[in-house]
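Report on one structure; see the data block that follows.
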Amino acid sequence: MFLIVGANGFLGSYLRKNILEMTGDDVLCVDIQNIDDAKAENRVKWLECNVTDIESVKKLNNVVKNEKDLKVIYLAVYFNTKNNLDLQTTKTAFNVNVIGLSNFLYHMENISRLYFTSTDMVFNRDGKYTEESPTEPMNQYGEHKIICEKIVNSFKYNVVRLSVMTGVSLAPDKKHFFDEILENLKNGIEMEFFADVYRTMIDFNTASRLIIDLINTPEAQKHKIVNISGDYAVSKYDLAIKIAEKYSLDTSKIIPVKQSEVAIWQEKRANEVLLDNNLLKEILRLKKIEMVV
């Protein structure tokens, strides 16, 4: 059985779809909200669980503790990329991201394999980063992820560091920036995008399939951290152009701007944070990994 913790988001929705397509496993989807709106599917069960509540985690443990091969993908997160958070928001984020993860790992008794999803925001200097590169978090979210990586590894489980992901949203009532770009292009709305900020972007579908392949590859568990990313550096401007071209829409509404000329972030942010995916390709014997628009 696969257990997806935080299953209602963008990546969780693709994981559910691809587990059903790629494996014969049942899927237990866990989230704190909107599970009543989840689509009924064969081999899929939904359960409400709040990882910050120990009794809720214990209840989940009782449901799965007799599973013979419980494979966990842990996505639950409080996502906020701002650094100027008030104290209460900081406490809430820490409670979900760090204490919630710790509750889960401590009280779950029968996990055979677990992958925790981290981020390229653990870096904040221009460069291309391997799994062994020293970390320097981009923001508080990145700080929490670094702490969580160490906790997960201390329990002898595994981490995947993900680059920026994109794609059509499969999550109910949630639009991704991909959907917003497409909608605006169809409506002829002009948009500005950074043309000088690059990430090794990857699409949700490809990323989710790679995570499933890793968790089902015994050799992969020997590696504490594995980067998941595309092969090429892509800006959001590049992405918007690719979306327009795919759907035969007007590219003239896509305006390039420079990060250095637009005051969005209080903190200084790097222009190129690129993940090196050679270890992933070696483990899964892949020649290339490309973002699919």
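The values are calculated or read from the model by the stated rules, or taken from the named source; none is laboratory data. A quick note: this is a predicted structure, and the numbers were derived from the prediction, not measured. Backbone-built Cβ (ideal geometry, glycine too); neighbour counts: all protein chains shown. Calculation scope for accessible area: heavy atoms of the full protein, side chains included, ligands and nucleic acids excluded. Shrake-Rupley method; radii C 1.70, N 1.55, O 1.52, S 1.80 Å.
Miscellaneous remarks
- Entry note, the range 86-235: relative contact order of 25 percent, from Cα contacts under 8 Å with a spacing of 6+ residues.
- Computed from label points 7 Å out along Cα-Cβ, the spacing between E282 and K45 is 4.0 nm.
- For the range 1-125: accessible area per residue (Å², 1.4 Å): 46 Å²
- Mean shadow area of the range 172-282, taken as a quarter of the surface of its Cα convex hull (nm²): 9.2 nm²
- Segment L87..K65, full-extension length gain: 4.2 nm, with 0.36 nm per residue of separation and the alpha-carbon distance subtracted.
- Calculated from backbone phi, Karplus (6.51, -1.76, 1.60) coupling profile of the range 108-116 in Hz, x at Gly/Pro: 8, 9, 9, 7, 8, 8, 9, 10, 9
- Candidate cross-link partners of K91 among the lysines, defined by an alpha-carbon separation under 30 Å and a same-chain spacing of 8 or more, comprise K58, K59, K71, K82, K145, K150, K156, K174, K175, K224, K268.
- The tail of the calculated P(r) for the range 231-293, taken as Cα-Cα distances beyond 13 Å, holds 73 percent of the pairs.
- Separation of alpha-carbon centers, the range 44-108 and the range 185-262, rounded to whole Å: 27 Å
- Estimated Rh, the range 88-187: Kirkwood, alpha-carbon pairs, angstrom: 15.8 Å
- Between N271 and T23, the modelled label-to-label distance comes to 4.2 nm, taking each label 7 Å out from Cα in the direction of the beta carbon.
- Segment D196-T217, length gained on full extension (0.36 nm per residue, minus Cα span): 3.9 nm
- Entry for Cα extents along the principal axes in Å (calculated from the structure that is shown) out of (i) 48, 48, 34; (ii) 53, 45, 32; (iii) 57, 42, 39: (iii)
- Carbon plus sulfur fraction of accessible area for the chain, probe 1.4 Å, in percent: 47 percent
- Farthest toward the positive end of the dipole of the chain, out of I254, N227, M108, is the Cα of M108, where the dipole comes from beta carbon charges about the Cα centre.
- Considering helices alone, the calculated mean residue ellipticity of the chain at 222 nm is -9500 deg cm²/dmol, with DSSP H runs of length four and up weighted by -39500 (n - 2.57) and normalised per residue.
- Contour excess over end-to-end distance, with Cα ends at H107 and S252 and 0.36 nm allotted per residue: 46.8 nm
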